[in-house]
Structure formats: C-alpha cells, structure tokens
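The values are calculated or read from the model by the stated rules, or taken from the named source; none is laboratory data. Computed from a prediction, not measured in an experiment: that's the story for all the values here. Heads up, the Cβs are rebuilt from the backbone with ideal geometry, glycines too, and the neighbour counts pull from every protein chain shown. Heavy atoms of the whole protein, side chains included, go into the accessibility calculation; ligands, DNA and RNA do not. Shrake-Rupley method; radii C 1.70, N 1.55, O 1.52, S 1.80 Å.
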Amino acid sequence: MTAQTVTTARTPGQACTPARRVTRSLLGYGVLAGAVFEASVLIQGLTRHGFRLAHDDASLLSNGPLGWIQIATFVVAGAMTIASAAGMRRALAGPPDRAGGTWGPRLIAVYGAALMAAGLLRADPADGFGPGAPAGKAAHVSWHAAGHLVSASIGFTALIVACFVVARYFSRERHRGLAVYSRVTGLAFLAAFAGVTTGSSSSAIVLPFYGGVLIAWIWVAVVSVHLYRRVAV
C-alpha cells in the first residue's frame, strides 16, 4: 500500500453512531425554535391590523380570525424547545457537573412545555386588539387567560434559572466565555421579565421585553450549536 492510497480512518470514538445523529438532530431544533417564534411574531406584528408592536404583547396575537397563527407558533416553538432540551440532556450527560447536565435541560424543557400551554390557553383581548377588546386591560380575566399568565410565568422563570444552571456547567468545563454569556443572558431576561410584570403597555417596557425574549432565544441557539459541534461527527 502506497502513501497515496492511505486515508485517515475514524477511530471508534469518532464514529457517527445513530445515537449521535439523533442527538445532533434534536439540538438542531434549538436553533429553529427561536427563528420560527421570532419570525412569526415579527411578521404578524407588522401586518396584523390594529396590533402595535411597540405597545402590545405578542400573546394578544392569539386573538381574532388569524389568532390560530400565534397559537400554532407557541405550540410549534414549544415542541421544538422540548426537542432541543432532550438533545442537550443527551449531550450534557455525565461529568463535569451532573446537576448542570440534568437540570439545565429539564428547565429548558419546562420552558418549552410552558410555551405550548400558553398557546393552548389564550390571552384575553386587550388594549384595543382582538374581538371586543377594551381600550386598556381586560376588567375580567378569563380562566384561560389566567392559565396563560401562569404558564408564561413558570416558563420564563424556568428559562432564567436554566441560564445560571448551564453557566455552572460551562464553568466546570472551563468554557469561561459561555459561562459568563449564560449568566448575562439570565440577568438580561430577568430584568426584561420584571419590567413586563408591571402590566404597562409603555414602549419603554414592551420593547425591552421583546429584546429580552430575543436574547433568550439566541442563547438557546448558541448553547445548541456549541453542543452540536461537541458531539462527535
């Protein structure tokens, strides 16, 4: 055999096994989830009559004849988030930090489930958007709107905690940059969430919250891509 005919063979540890392919496929949904959610909200926010992107919460898009689009957005993005969390759990299993590898993905899965619940439990029309919407907030909160608020609160809290749990994992793995990035993301989203809990429709509150959601989705995508690359090809 000549030197020209020698090729580099994969070692058994580098083989792209079916399990690794499944893990990488699941992690891919971590990128798609945020892209689908953000694109849908932006397009609807700019095209739905009466919706004010700088003042209205995206949840209001679930109302009206085209409300099914936002409902589907919540459900699909949530399902994709759960899939990515499953991929993260597979990729993070084992040392260096069992808690980060277990609870980080679990908390992200909770966020995904909360998104799906928020889609199925529609927010009430408000701020002049949606059939029969009052000029301000709804005077009476329906059972499904209450469920929507509870689901969103649980999901956002889970995602914030996940940022710090995953940051701990990255610190133990000596990925200092990703650890700092995860903590900054958690703090930024916490601040945005705290602002929107005031119930204000001011653009100074609503727009930073949209920004916080975008930052959180980008974090999920970055973590997914990092782990995707880590899984052996």
(request) With a probe of 1.4 Å, find how much accessible area the chain has per residue, and write the answer as a whole number in Å². (result) 49 Å²
(request) Grab the Cα-Cα distance for S25 and L207, subtract it from 0.36 nm times how many residues apart they are, and report the gain in nm with one decimal. (result) 62.2 nm
(request) Leaving ligands, DNA and RNA out of it, work out the accessible area of R122 with a 1.4 Å probe and give it in Å² to the nearest 10. (result) 80 Å²
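Order of 130-136, 106-112, 21-27 by packing, highest average Cβ count within 10 Å first? Before the final figure, lay out the partial values.
Working: 130-136: 12.7, 106-112: 22.6, 21-27: 18.9.
Result, highest mean first: 106-112, 21-27, 130-136.
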(request) Using only Cα atoms, find the angle between the long axis of helix 67-92 and the longest principal axis of the chain, and express it within 0 to 90 degrees, rounded to the nearest 10. (result) 30 degrees
